[in-house]
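Enquirer: Input: one structure, supplied below.
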Amino acid sequence: MKKTLTALVTAAICMGGLASLQLPRLRSQLTDIESNPELAQEAESSQRDRLQLWQTMPTLGFDNLVADWAFLGFLQYFGNSEARQITGYTVSPEFFEVIVTHDPYFRLPYRFLSSSVTLFAAQPDATTRLLEQGLSHMTPTFPEDSFWLWRYKAVDELLFLGDTEAAINSFEKSAEWAAQSPVEDADSYVNSAERTANFLRQDPDSRQVQANSWMMVWANAINENVRQFAQGQIEALGYQVTREGSSLQLQDTVSAPADESPAPSQEAAADPAASPQPTQQEATDSAQPSADESAVPETEATPQSPETGSSPEEEDSDSAPTSENAPTEATP
């Protein structure tokens, strides 16, 4: 026991010593980037070349290791706020190209797609394409929570591509896969997704469906700035937002026309706190959508974690596409 404890203490001291030796070098690199932006551009180009190499090089059966390494690289890339303020996020999609190609079953990175590739890199087409690529390797029963990827795809199609028919198809596919999933309580999601698809056909321009989709963006946000952006979009739709810890309370402040009935409420699913959260400063202007559609009852978003294998509780998620609300680019 004493030998084990001594070994652990020694290892901790060694790791601390190595970290302290690396900190001055890291600070020096950050200072160099701030004083010489050309270094940041060179690093961006080198990172792109490195990812292209990872995409094509032989892996000798260690594909999942390459995907893990690429994801760790993405977290470091995204969190380097000083460099990203200079170069933007142009390489973000290429990190996910490597991840999805080498390990399409690695589901955690998919949650970061909308935040990093759609919002920051302004490439929603790349997000949906990568989701389709990953889904092509999956089945309704493996991985057991694969139906969530169809939902992620539907949200991007609704908010950022304005493709109603594609979003309806994605919601229907998520319901179809959830019906076959072994995840506990997946059946409760089936009715929700089916009602969402039906509601989209009847009222594709509703504020409610837009707000519910932004709630999911908020729940899957890669950092606090994305959550604030999503919250601003919801408020711009005419909702009063009250944030309580890891949940949102929504109250409609726009009166509904007499001939329209309220849409069902939604509980957005995903737990941002359950995943690694890179930090990044973002300055983004919220779009100002119109607010003249149907009113809804108070809505609460309580995140859960699909990656743990547990079944997140979802109520009705009624969402509608609108290209007016989708930011074309997020300026870091």
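The values are calculated or read from the model by the stated rules, or taken from the named source; none is laboratory data. Remember, it's a predicted structure, so these values are computed and weren't measured experimentally. Because the Cβ atoms are built from the backbone with ideal geometry, glycine has one as well, and the counts that use them run over all protein chains shown. Side chains are part of the model used for accessible areas, which takes the heavy atoms of the whole protein and leaves out ligands, DNA and RNA. Shrake-Rupley method; radii C 1.70, N 1.55, O 1.52, S 1.80 Å.
Enquirer: So if each residue of separation counts as 0.36 nm, and I subtract the Cα-Cα distance between residue 60 and residue 187, what length gain in nm does that give?
Expert: 41.7 nm
Enquirer: Set the Förster radius R0 to 35 Å, insert the Cβ-Cβ distance between residue 201 and residue 224 as r into 1/(1 + (r/R0)^6), and round the FRET efficiency to 0.05.
Expert: 0.50
Enquirer: Using every alpha carbon pair in the range 33-83, what percent of pairs falls into each 5 Å bin from 0 up to the bin containing the largest distance?
Expert: Percent of Cα pairs in each bin: 4, 18, 24, 22, 15, 9, 5, 2, 0.
Enquirer: Quote the accessible area belonging to residue 164 in square angstrom, nearest 10, computed with a 1.4 Å probe and with ligands, DNA and RNA left uncounted.
Expert: Result for residue 164: roughly 40 Å² accessible.
Enquirer: Can you give me the solvent accessible area of residue 39 with a 1.4 Å probe, rounded to the nearest 10 Å²?
Expert: Roll a 1.4 Å probe over it and residue 39 shows about 70 Å².
Enquirer: Further question on the same structure: For the range 76-192, what class follows from the C-alpha gyration tensor (a ≥ b ≥ c being the square roots of its eigenvalues): rounded when a/c is under 1.5, otherwise prolate if a/b is larger than b/c, else oblate?
Expert: Note, shape of the range 76-192 comes out prolate.
Enquirer: May I ask you to derive the FRET efficiency for residue 50 and residue 253 from their Cβ-Cβ distance with R0 = 41 Å, giving the value to the nearest 0.05?
Expert: Computed FRET efficiency for residue 50 and residue 253 comes out at 0.25.
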